[in-house]
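One structure is given below, encoded as structure tokens.
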Amino acid sequence: MVILKTTREFSAMRHAGRIAGNALHKAGAAVEPGISTKELDDIIRGYIESQGAKPSFLGLYGFPASACISVNNVVIHGIPSSNTILKNGDIVSIDVGALFEGYHGDTAYTFACGDISPGARRLLETTKQALFEGIKNARAGNRVGDIGAAVQKYAEARSYSVVRDFVGHGVGAKLHEEPSVPNYGTPNKGVRLVPGMAIAIEPMVNEGTHRVRTLSDEWTTVTLDGKLSAHFEHTVAITSSGTHILTLPD
Ligand code: MG
């Protein structure tokens, strides 16, 4: 069941979203060769808790850290570790959720560590723009398939693939609510978008195959062919006066 939000709930979600967005970009500013993903996770947890919020991911389904930090061929759900030290040329996907006064915000961004290759740069730019193509289509009256189709079309036209096994989702008092929001689809198919919906749109775009596999830690999900993957995400509110991004940083 899709749970619609009131204007008051949207403003609480905007607060949670701002905390998540700020935490994400504080960690992003610290991305540099030599830092560990555990140190980035500590920055995120410290900031979120300093705002009186809680990291949404900590303990969720048993996840052991505050953020998912996924380097290079890791698509999502990378576990922060003091043994994972960033190197010049890495791309680093950071996914952050914050719970504030009962509501979540969920956002992700893939950062460049030092000087990255032109190919990696193009993947990041394409995935970021694919997110905005999705957001443009996330408006009242459209359907979920319009979002996925826009993301997929944009990424595939640039010869990338979109991950199928993980998808966007409704957001609210729970981090993961209905509906599912795939990054692929058919225009004018799927759940109708109506004012009051809050959804996380989160394209995961791969350089090579769209296929992924999960490692024996049961979290870390990597590309099947070992090529790069990028991930960008915003939580958005669909209203009768337009669609608003809830997870923008200050
Ligand atoms: Mg999400």
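Here, each number is a calculation from the coordinates, and none is a lab measurement. These numbers were taken from a predicted model, which means no experiment stands behind them. Don't worry about glycine lacking a Cβ; one is built from the backbone with ideal geometry, like all the others, and counts go over all protein chains shown.
The table that follows gives values for the structure above.
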{"read-out": "By average C-beta atoms within 10 angstrom, highest first, the peptides 148-154, 221-227", "value": "148-154, 221-227"}
{"read-out": "For the stretch 8-50 versus the stretch 101-120, the gap between their alpha-carbon centres in whole angstrom", "value": "11"}
{"read-out": "GNM top mover of 15, 210, 104 - the chain, alpha-carbon springs below 10 Å", "value": "210"}
{"read-out": "222 nm mean residue ellipticity, helices alone, for the chain (DSSP H n ≥ 4; -39,500 (n - 2.57); rounded to 500)", "value": "-10000 deg cm²/dmol"}
{"read-out": "Amide H contacts under 5 Å for residue 233, placed H, 5+ residues apart", "value": "108, 109"}
{"read-out": "Kirkwood-based shape ratio for the stretch 56-162, expressed as Rg/Rh from alpha carbons", "value": "1.01"}
{"read-out": "Rel. contact order, % - alpha carbon contacts under 8 angstrom, at least six apart, the stretch 1-55", "value": "34"}
{"read-out": "Gaussian network model of the chain, Cα within-10 Å springs - most flexible of 214, 235, 126", "value": "214"}
{"read-out": "Most mobile listed residue (100, 232, 63) in the chain, GNM with C-alpha springs under 10 Å", "value": "63"}
{"read-out": "Unsatisfied cross-links (Cα-Cα over 30 Å) in the set 5/136; 38/189; 5/189; 54/128; 128/174", "value": "38/189"}
{"read-out": "Distant-in-sequence amide H partners of residue 239 (H built 1.01 Å from N, under 5 Å)", "value": "140, 196, 244"}
{"read-out": "Scaled radius of gyration (Cα, divided by 2.2 N^0.38 Å) that the stretch 167-250 gives", "value": "1.27"}
{"read-out": "Neighbour-count order for 61, 103, fewest beta carbons within 10 angstrom listed first", "value": "61, 103"}
{"read-out": "Intensity falloff of the stretch 7-243 expressed as log10 I(q)/I(0), Debye formula with alpha-carbon point scatterers, at q = 0.11, 0.12 Å⁻¹", "value": "-0.51, -0.61"}
